[in-house]
Amino acid sequence: MRALLFASSDELAFEVITFLRNIGVEEIHSIAFGDKSKAAEYGKRGVKKVFLLRDMDEDAVVDVISSIFKGYDYLATASDKFGRTVAARASQRIGFGAIMDVISAERRDGKVLFSRVTLGGKAIALEYSDPPVAIGVKPRKFEQAKPSEGEAEVEELSVSRKTKVLERREKKISGAALDKARIVIGCGMGFKSKEDLKLAYDLAELMGAAVGSSRPLAADLKWMPEERWIGMSGVSIKPDLYIAVGISGQQQHVAGITDSKVIVAVNTDPNAPIFKSADYCINQDLYEFLPALAAAIRRRRGG
Amino acid sequence: MDTTELLVDERGVKVEEAITKVSDIDNNAMELAVQLKEKFGGKIGLFMALTWGPMQMRIKEVQKAAKKLLAMGGDEATLIVDEKLFSADSFLVAKALAAAIRKGSFDLVIAGEGSIDNFSSQIGPKVAEELSYKFIGFVSRVSLKDNNIILTRSMEGYEEDVMLDLPAVISVTQEVNKPRIPSLTQVLGASKLPMKTLSLSDLGITEEGRVRVAEIRPRRMERKMVKLEGSPSEVAEKLLDLLVKEGVL
C-alpha cells in the first residue's frame, strides 16, 4: 500500500507515519514545508519521497495534492484544522471520501475499518472505503516515528499563495501542556470572577496539576488563553485525574475528557450533567470545597 | 442532531430516538448572514440536508428547525430530504448541498465550523470545492475596513486576518457573534416564507457516497458516579483517601 502524507507540523507528520506503519503501509511519500534539511528528517523516518514546499498555504497544498495524487491508497494527515480542511478539499476535488479523527484501525473481512469517536463523544463509528481515501489521524494519539537510516528522494515545488494574509499572530502558549499533564483541574462558569480562579491555581500548585477551562471561560470571557480550553473543539486530555470545578458538563466539554482515568466533579447544581460523567460527585460550593481540599492536602503533607 | 438527547445503552446507540436539532453554531452562521444583509443588502437562502432517519418523524423536526433559523432574518429555505442521504458521508452530502446552492447563484456561503454530532469540519470545505469557490475556515471574528470584510481565522497556535474575496464559502466558530432571538412576530412571519423540499434526483445526483459505516458501537464511559457527602473538609478527606486508593495521587 502507498500513502501520500501531509501535516501542519513535522511532529504531527511523524505521528501519522507511526499510524501508517501500524496499518501496513509500505511506501510513504510526504509533502513537507521548508528546505532540504527538512526533507532529510523525513527520509530518516522511512519516507521514500518528499515534495518540498516553501510555505504552508491551504490553497497551494490542495493544488499540489490534486496534481501529484496518483496511485496512492491513502491521503494521510493529522486531523487538526489545517489537516481536516486540506484533506476535505483535496479529496472532494479528486473524487474520494474522507475519514477524520481516526483513533485506531482494525482488519475485518479483508477491509481496513477505521474507528473514530462520533455522536458528540458517545459512540465509536467503524468506517471504511474503497481506496483511495483520506485519513485524518487524531493528534497526539500515536508516538512520533523515531529517526533511523534512510534517505528520501526530494522534489522541490514552487507554488504561489492565493489568499492574501493581512496579518498573522501567534497565540501565546502558557503553562504546562494540558494534554500531557497527569492531573488536570478544569474551571467552569461556577467561578464568579477571573480573580477567583486563584483558588484553582493554588490547588494546582499543591497537586502539581495543569489548569484548563470550559469553552465559555476561554472563548467568551477570555479568562484563560484559548489553548487552555478542554473539549471537542479545544484540547482533548487524558490525565490520571481530572477535577471538573464549577463545570456543568456540556457534551462539547465531556467529549474532551473521556480518556481521563478518574474524574471528580464539584458543582452546586445536583442535576449538573457533569455528575453523569464523573467517578466522584461532590455537590458543594467550590468556594468552600477547594480551600477545604487544599487544607486537607497540606495537613497530610505536614503530618 | 441534538446529541445531548442521544440515548446510548448496552444494546447500542439509539439514533432514532434523538431529537433533530440545529447545531448551535448554525445559529451563529445565520446571525452573520443577517448582519451582512443588513449592511450590504441581498438575499439569504437557508439550505439543510436531512441525514438521519426515520423520515416521517425527522421531516417535521427539520421544517421546524428551518423556520426558527429563517425567523432570524432569512428569505427562503431549501430542504434536501432523501433516504439515500441517511448516514451518508460528507462527500455525498456536500454534493447535494452544493447542487442546491448552485441553483440559487449565491456568492457567499456561510457554514458552522462543524456539526455537533460529528465535528469533522468537512461539509464547508467540500461544498467550496464543488462550487469552485474559495474556502476560509474557522472564522472567529468579522470586521469591516474601508467597506472590505476582514475575517479573522482561529487556527491551532495562531490566528490570521484575511480579506473576504467573493465568491467564497466560509465556516464560523461560536465566538463570531451572539445569535439574536427572533421575536414572536418574526417567528409567525417565517411560516409564510418559501420553503421547498428537494430529493437527490431533483438535484440530478446519481452518485453514491464513498465512506461507509460498518458499525456504530456505544463508547464505554462507565463512571462510578459515587456521591461524596458531608462537610467540605470531611468530603475532602474522603476524596483524598479514594484517590490514593485509585493510585492517581
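Calculate the mean, over all residues of peptide A:276-288, of how many other protein chain Cβ atoms lie within 10 angstrom of the residue's Cβ.
5
Using amide H atoms built 1.01 Å from N in the peptide plane, name the residues 5+ places from A:VAL154, or on other chains, whose amide H lies under 5 Å from its own.
It is A:VAL50, by chain and number.
Take each of the peptides A:55-65, B:227-237, average the number of other beta-carbon atoms within 10 Å over its residues, and list them starting from the highest.
Descending packing order for the listed peptides: A:55-65, B:227-237.
B:MET195's amide H: which non-local residues (gap 5+, or another chain) put their own amide H closer than 5 Å, with H modeled 1.01 Å from N in plane and none for Pro or chain starts?
B:ALA77
Would you please give the FRET efficiency between B:PHE86 and B:SER132, computed as 1/(1 + (r/R0)^6) with r the Cβ-Cβ distance and R0 = 35 Å, to the nearest 0.05?
After rounding, the FRET efficiency stands at 0.80.
Average projected area of the Cα convex hull of chain A, in nm²?
Reported value for the Cα convex hull: 18.7 nm².
For the range A:145-303, what relative contact order do you get, as a whole percent, if you take Cα pairs closer than 8 Å and at least 6 residues apart?
That works out to 19 percent.
What percent antiparallel are the DSSP beta bridges of the range A:1-133, to the nearest 5?
45
Write down the percent of antiparallel bridges among all DSSP beta bridges whose residues are both part of chain B, to the nearest 5.
Bridges in chain B that DSSP calls antiparallel: roughly 45 percent.
Order the peptides B:147-156, A:152-161 from the highest to the lowest mean number of other Cβ atoms within 10 Å of their residues.
By packing density, highest mean first, the sequence is B:147-156, A:152-161.
Output the peptides A:199-205, B:169-175 sorted from most to least packed, where packing is the average of other Cβ atoms within 10 Å over each peptide's residues.
B:169-175, A:199-205
Under 8 Å for C-alpha pairs, at least 6 residues apart: give me the relative contact order for the range A:66-148, rounded to a whole percent.
Averaging sequence separation for qualifying contacts and normalising by length gives 37 percent for the range A:66-148.
Residues in the range B:198-237, backbone N under 18 Å from the label point at B:LYS43 (7 Å along the Cα-to-beta-carbon vector): list them, ranges by number please.
Within reach of a label on B:LYS43, which here means backbone N under 18 Å from a point 7 Å along Cα→Cβ, the range B:198-237 contributes B:198.
Would you please classify the overall shape of the protein assembly as shown from the alpha carbon gyration tensor, given that a ≥ b ≥ c denote the square roots of the eigenvalues, rounded means a/c under 1.5, and beyond that prolate means a/b larger than b/c while oblate covers the rest?
Oblate shape, in that a/c is at least 1.5 and b/c is the bigger or equal ratio.
Using a 10 Å cut-off around each Cβ, can you sort B:GLU61, A:GLU106 from fewest to most neighbouring Cβ atoms?
If I rank by nearby Cβ atoms, fewest first, I get A:GLU106, B:GLU61.
For Cα pairs less than 8 Å apart in space and 6+ apart in sequence, what is the mean separation divided by the residue count of chain B, i.e. the relative contact order in percent?
For chain B, the relative contact order is 23 percent.
If you take every DSSP beta bridge whose two residues both sit in the protein assembly as shown, what share of them, in percent to the nearest 5, is antiparallel?
The antiparallel fraction comes to roughly 35 percent.
FRET efficiency for A:LYS192 and A:ASN271, Cβ-Cβ distance as r, R0 = 35 Å, nearest 0.05?
0.95
Read the figures in this text as sums done on the coordinates, not as results from a lab. This is a predicted model, so every value here is computed, not measured. Please note: Cβ atoms are built from the backbone with ideal geometry, for glycine as well, and neighbour counts cover all protein chains shown.
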